[in-house]
Amino acid sequence: MSEENGFSLRITPAGADVDPAEVEELAIQLRRDLMASGISGVTRAVEGPAPDGTRSAELLAAGIGFLVTGLSTAASVAQIADYVQRWRQAHPRRRRVLVSVEAGATSGGAAASGTAGRRSALLVANAVYQDPGLSRLRSPVSDIMALAQVLGEPGIGAFDVETLTDASESVLRRRVAALFADRRPDDVLLLHFSCHGLKDQRGRLYLAAADTELDSLAATGLPASFISEQMSESASRSVLLVLDCCYSGAFARDTPVRADRTVYLGDEFRGGGSGRTVLTASSATEYAFEGGRLTSYEAQPSVFTEALVHGLRTGGADLDHDGEITVDELFDYVARRVREAGVGQVPRKWSFETTGALVVARSVRPAVLPEGVRADLGSDRPVLRLEAVRALAELLAGGREGYRRAAREALAGLRDDDDSRQVREAAAAALGDVAPPRLSPPAVPPPAIETPAIETPEVEAPQVETPSPSPPGSAPVAVTKRRRVLVFGAIGLVVAIAIAATIGTFSALPKQRTTESGNGPAGFGATLGMITLSHDGSIESAELSPDGRWVVTLDPPVDQAAAQIARLWDTSTGQKVSTFDTDHGVVFSPDGKLVAAAYFDGKREVTTVDGESLGVLSGGTTTVSLRNTSRGDVMASLTGHQGAAVAFSPDSKTVATASALATDQPFDAPIRLWDPSTGKLLATLTGHHNGIQSMGFSQDGKVLVTGAAGGVTKVWDVVGGKATATLDNASSPVWISPDGKTLVDTLPSGKDGFELRRVPDGKRLASVAKAGRFAGFTPGSKAYATDKDGGVRLFDLATGKVRATLTAMVRGDLAFSPDGKLIAAVTKEGEPALFDAATGQGLTPLTGHTGKVTDLTFTADGQALFTTGTDKTVRKWNVKR
C-alpha cells in the first residue's frame, strides 16, 4: 500500500511591502498548481502557530499569513518541498512570499476535509480448479495482470493493487474482508473477479475458488452474499465490483438445469450499501453439466476485461474528453467493444445509491476544452477571448484535473502570445503570473552551405588524410548522434532502433589518462559524476535522452511475444518517474521533454515453427504513447497503427508515426504528422503501400525521408505535404544529412553498400560498394562514416576520399560532438571510448562501467558525455579539451 504523506504549506510575506491580499493571491495560485500536478484535496486551513517538530524548507522571518494543507500518496514531503522551491524560483513575483513545507498532520479541522481518499483494488483470477468437474478457464491470469498494471499506473488508475491467482476459499474470504475493513467514506475500492460463477438450486450465486467442490458448494464456494455484506459494512461510499465470470447452474451433477438461465446479480448485491456500482460481463448462464463435468454449450472467450484494459490504457473510455474516466463512461465503452466483438455477451451495470461520478482513472489523452471555450479562444475579438479567460479560470479552479491542465496550457498560450495586452494580463492574473513583455525574435541568417559535388569514393586502399580546416565563421550544426527512430513490426516483435550493432575483433586504445598524469589536458576523460538507478533485477538495455537528463531502462522480455517493462528515471536525482510497457524500445524527443513508446494491445502468443519459438501478435492495433519525461504521465495516445514507426522533428514540435507491419500484400500505410503537445493530427502523407521501416527529418524539419518494406523510399516536402521523389529498389534504413541536401539508402538484396542521393529530387549522386554499412553524417554534413564489421572510416562527402580510420573496433551507434571534433563509441568490450574525428586516433577509454554500455550522448555544449548501460548506472565524463 502507498504511504500517505500529510503536509502543510505556510505562506508568509517576504518583506514589509507585501500586503495580505498579495499573500493570499499567491497562496491560491500555489494551491492550484499543486492540484494540477496531481496532488488532490489541497485546501486552505485555519491560521495559527507552527506546530512543534515541523520540518521547513526555509526559516520564516514573519508570522503565519496563510496555510494550505493536503495529503499525497505519490510524493514525499521532501519532494513537495523541492517542488515548492522550484515554483518560487520560476517567477520573480512568487519570491515576494516565503513558503515553509511542514510534514505531519495539519492543525484544526481542515485536514479531514482536505484529505484525499485512498484508492485500493483487489483483483482475483482463478483459472485452475482442484475439482475435475470445473473446467480450466482460458487465460484470466494474464487478463488480471494487464488490468493490475494499468490500474496501478500513477498517471492512470493510481490504485494500490493486490492480485490473487488460484487462491483457496479461505484466502479469498480474508482478503475480501481486508479490502473493505478500516475504510473512510472517501476511499475508492475496486474488487474484480475472473472465475467461474456457480448458481445453486435456490438460485444463490457462489464464486469458485481453487478448492471449491461442486458437491459442497455452500461450504467451499465464496457466496455473493458474503461480498455484499462486506460492502455494506464498509465505510467507503465509492465501491466498484467487476465480475468477469462464466456462470453456470450448479444444481446437481448429472441432473438437468431446472431454473432459468439468468443470474440475478442486481438482487445479489442490492443490499450492499450506498455508493456501490456492479459491472458484469454477462448475467446469463453460459455453461451446463454433462456427464458430471462442466462443459460449455454457448460460452465464448470473454473480451470484457480486455476491453476494460484497452479503454483505460489508451484513454478511449474518456468519452466526454474531460481527462477523466468515470465508471459510467468505462461501462459504455466496454459494452460497445464487447458488442462489436460479436461474442454473445451482454455486459450489465447496476448502481445503488450513488451520488456524483465515480472516477476510475485519469485519461492518458489530453482533455478537450468545451466547445464554447474553444470558439472564444479562436475569435479575433479580444472581448470574446477575455470571456475565454474567465471560463478557463473557472476550469483551472475546478475539480477535474484534465480540464485544469488544458486550461493552464491555454492560459499560458494567451499570456505569452496573445496580441492584446488586456488578454495577456488577464491570462497572467488567472495563472498568478505577470504577463511577459513581447519581444521580437532576432533574425538569424541560415548557415551558408554549398551543394556538394559527390564522386564515387575509392574504398580498396584507404589512406588517412588530415581534413582541411573549416572556413572562418562556420557554425556546426548541433547534432550529436543519429536521432532515434522507433520501428515496431506487429509480427514477431521486430524492432529496430537506429542502426544494428556490429561487434569488432580487436582494440588499440591507449591507457586511460587521469587528472594527475599530466598527459594531455587536465581532467579530460575524468568522471564528473555517477548515479546508480535503484532498479530491481537485470536490464537488457538503457537509453538516454539527448540532453542526458533522462534515461529509460528496459527489462528483458519474459518471452518472444511479451512486451518489455520500461522504467523512466531522472538522472539528476536517480528517482524513478514512471513505469510502462513498450514493445522493444523508446524514442526521446530532441528536447528531452517527451518519450515515445509503442504498445500492441491485441493477443500475444508464442508458437514453435521448425523447432524455433516465435512471438505472434494478432487481433489488435499498436498505440504510440507520448509521455512527459518530468512527470511520466501520457500527454497523447496516437492510435490505429499496425506496428509503429516513430520519429520526432529536430525542434520537437512534430512527431511522425506510421504503421510498420511488413506484409506480402500491399496496404495503405500513411505517414501521420502530429502535434506532440496536444495529440492533434496536423497532416497525413499518403503514398506508401507497405509498412514503414525507417524515417528521419532534416535539421530544419522541412524534409522527411521514409523507407517502406519492399524497397520504396519517398522524400517529402513537410510544409507542402507532397512527395518530391519516389525511389524504387531503395532499401531501409534511410538517412538524411543535417543540412537536408543529401539522403542515403541501403543497396537492395542485402548487398554491401549504399547510395548517396540528392534532395529533393532523389537523383543518385554516387553508389558506394564494399565500404560496409552507412554509419552517419558528421554534424556539418561535410563527411560521413561507414562501419564494416566494427571498423569505422570517415569519408569526405565532396570528394569521396577517406578522411580518417578509427584506431579501435567498435559496435553500435557513433555519437559526434556538436562541433564535430570528437566521436564517442562503444568498443567491442562494451566500454565507451573517445576518438579524434580528424585523425581517428583513440584518445582515452572511459573505464568504470561494470556492464555493457548501451547508449551515450554529448551535452549540447560539447563539454561532457553521458553514458549508461546494463550496470544500472549513468555516468558523466569530462570531454573538454
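Assuming Thr106 fulfils every condition listed in (1) buried (at least 17 other Cβ atoms within 10 Å of the Cβ); (2) at pLDDT below 80; (3) in a helix (DSSP H, G or I) apart from one, which condition is it?
(3)
Residues in region 750-771: is at least one touching an Asp or Glu at 6+ places or on another chain (Cβ under 9 Å), of a type in the set (D, E, K, R) and more than 24 Å from Ala815 (Cα to Cα)?
yes
I'd like to check which helices (runs of 4 or more DSSP H) are fully inside region 127-235 and have at least 1 residues that are at positive phi and over 28 Å from the mean Cα position of the chain (by Cα). Write out each step before concluding.
Working: elements: 140-152, 169-180, 217-220, 224-233.
Helices (runs of 4 or more DSSP H) meeting the threshold: none at all.
Name the residue, out of Asp328, Asp416, that is farther than 27 Å from Val624 by Cβ and touching a Pro at 6+ places or on another chain (Cβ under 9 Å).
On the way: Asp328 fails: touching a Pro at 6+ places or on another chain (Cβ under 9 Å).
Of Asp328, Asp416, the one residue that is farther than 27 Å from Val624 by Cβ and touching a Pro at 6+ places or on another chain (Cβ under 9 Å) is Asp416.
Filter region 545-570 down to the residues that are in contact with a Ser or Thr (Cβ under 8 Å, 6 or more places away or on another chain) and open to solvent by 70 Å² or more (accessible area, probe 1.4 Å), then identify the one that is modelled with the highest pLDDT.
So, considering only residues that are in contact with a Ser or Thr (Cβ under 8 Å, 6 or more places away or on another chain) and open to solvent by 70 Å² or more (accessible area, probe 1.4 Å), the one modelled with the highest pLDDT is Arg549.
Can you list residue pairs whose Cβ atoms sit under 8 Å apart, with the first residue in region 370-382 being without any contact (Cβ under 8 Å) to a residue 24 or more places away in the chain and the second being loosely packed, with under 13 Cβ neighbours inside 10 Å and not acidic (Asp, Glu)? Count only pairs 6 or more apart in sequence or on different chains.
Listed pairs, sorted by first residue: none to list.
If Ala542 satisfies all but one of (1) at pLDDT 85 or above; (2) within 14 Å of the chain's Cα centre (by Cα); (3) buried (at least 21 other Cβ atoms within 10 Å of the Cβ), what's the number of the condition it fails?
(2)
If a residue must be more than 14 Å from Thr805 (Cα to Cα), of a type in the set (Gly, Ala, Ser) and either part of a strand (DSSP E or B) or touching a His at 6+ places or on another chain (Cβ under 9 Å) (or both), how many such residues does region 768-792 contain?
Residues that pass the stated criteria total 2.
Which residues, counting only those in region 538-570, are in a strand (DSSP E or B), of a type in the set (Gly, Ala, Ser) and in contact with a Phe, Trp or Tyr (Cβ under 8 Å, 6 or more places away or on another chain)? Spell out the reasoning first.
Within region 538-570, the subset in a strand (DSSP E or B) is 541-544, 550-554, 564-570.
Then keep just the ones that are of a type in the set (Gly, Ala, Ser); that gives 541-542, 566.
The one that is in a strand (DSSP E or B), of a type in the set (Gly, Ala, Ser) and in contact with a Phe, Trp or Tyr (Cβ under 8 Å, 6 or more places away or on another chain): Ala566.
Just name the residue that is most open to solvent (accessible area, probe 1.4 Å) out of those in region 742-776 that are under 16 Å from Thr706 (Cβ atoms) and among the aliphatic types (A, V, I, L, M).
The qualifying residue most open to solvent (accessible area, probe 1.4 Å) is Val759.
Restricting attention to region 654-669, which residues are assigned to a loop (DSSP other than H, G, I, E, B) and either touching a His at 6+ places or on another chain (Cβ under 7 Å) or modelled with pLDDT under 95 (or both)?
Pass one, region 654-669, residues assigned to a loop (DSSP other than H, G, I, E, B): 654, 659-669.
Once the filter is applied, which keeps residues that are assigned to a loop (DSSP other than H, G, I, E, B) and either touching a His at 6+ places or on another chain (Cβ under 7 Å) or modelled with pLDDT under 95 (or both), region 654-669 yields Ser659, Ala660, Leu661, Ala662, Thr663, Asp664, Gln665, Pro666, Phe667, Asp668, Ala669.
For the structure I just gave you, tell me whether Leu626 is over 18 Å from Gln693 (Cβ atoms), without any contact (Cβ under 8 Å) to a residue 60 or more places away in the chain, open to solvent by less than 20 Å² (accessible area, probe 1.4 Å) and more than 11 Å from the chain's Cα centre (by Cα).
Here the answer is no, as Leu626 does not meet what is asked.
Would you pick out the residues in region 416-431 that are exposed (fewer than 15 other Cβ atoms within 10 Å of the Cβ) and not polar (S, T, N, Q)? Spell out how you get there, then give the answer.
Quick first cut of region 416-431, residues exposed (fewer than 15 other Cβ atoms within 10 Å of the Cβ) only: 416-417, 419, 421-422.
Within region 416-431, Asp416, Asp417, Asp419, Arg421 qualify.
Of the residues Gly851, Gly840, which is at pLDDT below 90 and not in a strand (DSSP E or B)?
Gly851
Yes or no, residue by residue, for (1) in a loop (DSSP other than H, G, I, E, B); (2) at pLDDT 85 or above; (3) of a type in the set (A, V, I, L, M, F, W, C):
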| position | (1), (2), (3) |
| --- | --- |
| Leu312 | no, yes, yes |
| Ile325 | no, yes, yes |
| Arg337 | no, yes, no |
| Val346 | yes, no, yes |
| Trp350 | no, no, yes |
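Within region 333-351, take every residue that is surrounded by fewer than 18 Cβ atoms within 10 Å (Cβ to Cβ) and in contact (Cβ under 8 Å) with a residue 12 or more places away in the chain and give me the one that is nearest to Gly275 (Cα to Cα).
Taking region 333-351 and keeping what is surrounded by fewer than 18 Cβ atoms within 10 Å (Cβ to Cβ), we get 336, 339-344, 346, 349, 351.
With the extra rule that they be in contact (Cβ under 8 Å) with a residue 12 or more places away in the chain, the set shrinks to 341, 343-344, 346, 349, 351.
Working: Ala341: 31, Val343: 31, Gly344: 30, Val346: 23, Lys349: 13, Ser351: 8 Å.
In this case the residue turns out to be Ser351.
Scan region 571-585 for residues that are part of a strand (DSSP E or B) and either in contact with a Lys or Arg (Cβ under 8 Å, 6 or more places away or on another chain) or modelled with pLDDT under 85 (or both) and jot them down. Please lay out each step first, then the result.
Restricting attention to region 571-585, the residues satisfying the condition of being part of a strand (DSSP E or B) are 576-582.
Lys576, Val577, Ser578, Thr579, Phe580 - these are the residues of region 571-585 that are part of a strand (DSSP E or B) and either in contact with a Lys or Arg (Cβ under 8 Å, 6 or more places away or on another chain) or modelled with pLDDT under 85 (or both).
Given Leu638, Leu626, Leu673, Leu614, which one is assigned to a strand (DSSP E or B), modelled with pLDDT of 90 or more and either touching a Lys or Arg at 6+ places or on another chain (Cβ under 6 Å) or more than 20 Å from Ser363 (Cβ to Cβ) (or both)? First the steps, then the outcome.
Values: Leu638 fails: either touching a Lys or Arg at 6+ places or on another chain (Cβ under 6 Å) or more than 20 Å from Ser363 (Cβ to Cβ) (or both); Leu626 fails: either touching a Lys or Arg at 6+ places or on another chain (Cβ under 6 Å) or more than 20 Å from Ser363 (Cβ to Cβ) (or both); Leu614 fails: modelled with pLDDT of 90 or more.
Result: Leu673 is the single residue among Leu638, Leu626, Leu673, Leu614 that is assigned to a strand (DSSP E or B), modelled with pLDDT of 90 or more and either touching a Lys or Arg at 6+ places or on another chain (Cβ under 6 Å) or more than 20 Å from Ser363 (Cβ to Cβ) (or both).
Could you check region 404-415 and list, in sequence order, the residues that are open to solvent by less than 70 Å² (accessible area, probe 1.4 Å) and modelled with pLDDT of 85 or more?
Passing the criteria: Ala406, Ala407, Arg408, Ala410, Leu411, Ala412, Gly413, Leu414, Arg415.
Out of the residues in region 381-403 that are closer than 22 Å to Val97 by Cβ and open to solvent by less than 30 Å² (accessible area, probe 1.4 Å), state the one that is modelled with the highest pLDDT. Let's see the steps before the verdict.
First, pick out the residues of region 381-403 that are closer than 22 Å to Val97 by Cβ: 393, 396-397.
Then drop every residue that is not open to solvent by less than 30 Å² (accessible area, probe 1.4 Å), which leaves 393, 396.
Working: Ala393: 87, Leu396: 82.
Going through the qualifying residues, I end up with Ala393.
Take the residues of region 654-669 that are exposed (fewer than 15 other Cβ atoms within 10 Å of the Cβ) and of a type outside the set (Asp, Glu): which is farthest from Ala708 (Cα to Cα)?
Within region 654-669, the first condition is being exposed (fewer than 15 other Cβ atoms within 10 Å of the Cβ), and the residues that meet it are 664-668.
Filter once more, so that each one left must be of a type outside the set (Asp, Glu): 665-667.
Working: Gln665: 13, Pro666: 11, Phe667: 11 Å.
Across region 654-669, the extreme among qualifying residues is Gln665.
Identify all residues within region 691-724 that are over 20 Å from Asp668 (Cβ atoms) and hydrophobic (A, V, I, L, M, F, W, C); write none if there are none.
Phe697, Val703, Val719
Conditions tested, residue by residue: (1) in contact with a helix residue (DSSP H, G or I) (Cβ under 6 Å, 6 or more places away or on another chain); (2) assigned to a loop (DSSP other than H, G, I, E, B); (3) within 24 Å of Gly316 (Cα to Cα); (4) not β-branched (Val, Ile, Thr).
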site: Ala357; (1), (2), (3), (4): no, yes, yes, yes
site: Val360; (1), (2), (3), (4): yes, no, yes, no
site: Ala367; (1), (2), (3), (4): yes, yes, yes, yes
site: Arg374; (1), (2), (3), (4): no, no, yes, yes
site: Asp380; (1), (2), (3), (4): no, yes, no, yes
site: Val383; (1), (2), (3), (4): no, no, no, no
site: Ala391; (1), (2), (3), (4): yes, no, no, yes
site: Glu394; (1), (2), (3), (4): no, no, no, yes
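Can you tell me which residues in region 676-699 are more than 16 Å from Ser637 (Cβ to Cβ) and either among the small types (Gly, Ala, Ser) or in a loop (DSSP other than H, G, I, E, B) (or both)?
Ala683, Thr686, Gly687, His688, His689, Asn690, Gly691, Ser694, Gly696, Ser698, Gln699
Go through region 753-770 residue by residue and tally those that are within 36 Å of the chain's Cα centre (by Cα) and touching a residue at least 60 places away in the same chain (Cβ under 8 Å).
Residues that pass the stated criteria total 2.
If I ask for residues that are assigned to a loop (DSSP other than H, G, I, E, B), farther than 20 Å from Pro738 by Cα and open to solvent by 10 Å² or more (accessible area, probe 1.4 Å), which ones from region 802-833 would you list?
Applying the first criterion (assigned to a loop (DSSP other than H, G, I, E, B)) to region 802-833 yields 806-809, 817-821, 828-831.
Adding the requirement that they be farther than 20 Å from Pro738 by Cα leaves 806-809, 828-831.
Matches in region 802-833: Leu806, Thr807, Met809, Lys828, Glu829, Glu831.
The values are calculated or read from the model by the stated rules, or taken from the named source; none is laboratory data. Because the structure is predicted, anything quoted here is derived from the model rather than measured. Reconstructed Cβ throughout: ideal geometry from the backbone, glycine too, with neighbour counts over all protein chains shown. We work out accessible area using only protein heavy atoms, side chains counted, and drop any ligands, DNA or RNA first. Shrake-Rupley method; radii C 1.70, N 1.55, O 1.52, S 1.80 Å.
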